[in-house]
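None of the figures in this text is laboratory data; all of them are computed from the coordinates on show. None of the values given here were measured: they were computed from a predicted structure. Cβ: placed from backbone, ideal geometry, glycine included. Neighbour counts: every protein chain shown.
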Amino acid sequence: MLMTREYIEQRDGGYWIAGTRISLDSVVYAFLRGAAPESIAQSFPALKLEEVYGAITYYLGHQQNVDSYLRQNDREFEELRLQVRTTNPSLYKKLKEAQKIERVNEILDR
């Protein structure tokens, strides 16, 4: 008897951990940064360790498609970032200043 479980679903134009609001992107980027599945599960309390492994397994089995999807999302994000920068330069300036403050705080916290 073969028992399977679907860990990933496609909806709203993206990949999601089945039955959650957590994107596959979040798990894959953590995995690509070298995070262990146990660490990823701790970062996402809504996920069981089994679901994290299922997401990683899905990614590894569909790596070309998922990587293509992630690159497309990165391009779209960059386009939006440039659009905000052009249409609302004062907001962009405030965001850049906030990033600088955050970096300083990270350095001071070390």
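Can you tell me the FRET efficiency between Ser23 and Val84 if r is taken as the Cβ-Cβ distance and R0 is 22 Å, rounded to the nearest 0.05?
The pair Ser23/Val84 has a calculated efficiency of 0.55.
Rounded if a/c is under 1.5, else prolate if a/b beats b/c, else oblate: with a ≥ b ≥ c from the C-alpha gyration tensor eigenvalues square-rooted, which is segment 1-64?
Because its axes are fairly even, with a/c under 1.5, segment 1-64 counts as rounded.
Got a sec? Charge dipole of segment 8-109, +1 on Cβ for Lys and Arg, -1 for Asp and Glu; which of Tyr29, Gln83, Ser43 is way out at the positive end?
Checking the options against the dipole of segment 8-109, the answer is Gln83.
Nearest 20 debye, what's the magnitude of the dipole of the chain about its Cα centre given +1 on Lys and Arg Cβ and -1 on Asp and Glu Cβ?
That gives the chain a dipole magnitude of about 480 debye.
Tell me, what HN-Hα J-couplings in whole Hz come from the Karplus equation 6.51 cos²θ - 1.76 cosθ + 1.60 at θ = phi - 60° for each residue of segment 17-32, using x for Gly and Pro?
So the J values, rounded to whole Hz, are 5, 3, x, 10, 9, 9, 6, 4, 3, 4, 5, 5, 4, 4, 4, 5.
What is the angle, in °, between the Cα long axis of helix 63-87 and the longest principal axis of the Cα atoms in the chain? Nearest 10 is fine, range 0 to 90.
That helix lies at roughly 20 degrees to the long axis.
Please report the relative contact order for the chain, taking Cα pairs under 8 Å with a sequence separation of at least 6, and give it as a percent rounded to a whole number.
16 percent
Pull out a ≥ b ≥ c, the square roots of the eigenvalues of the alpha-carbon gyration tensor of segment 37-110, then state rounded if a/c is under 1.5, prolate if not and a/b is larger than b/c, and oblate in the remaining case.
The shape class here is oblate.
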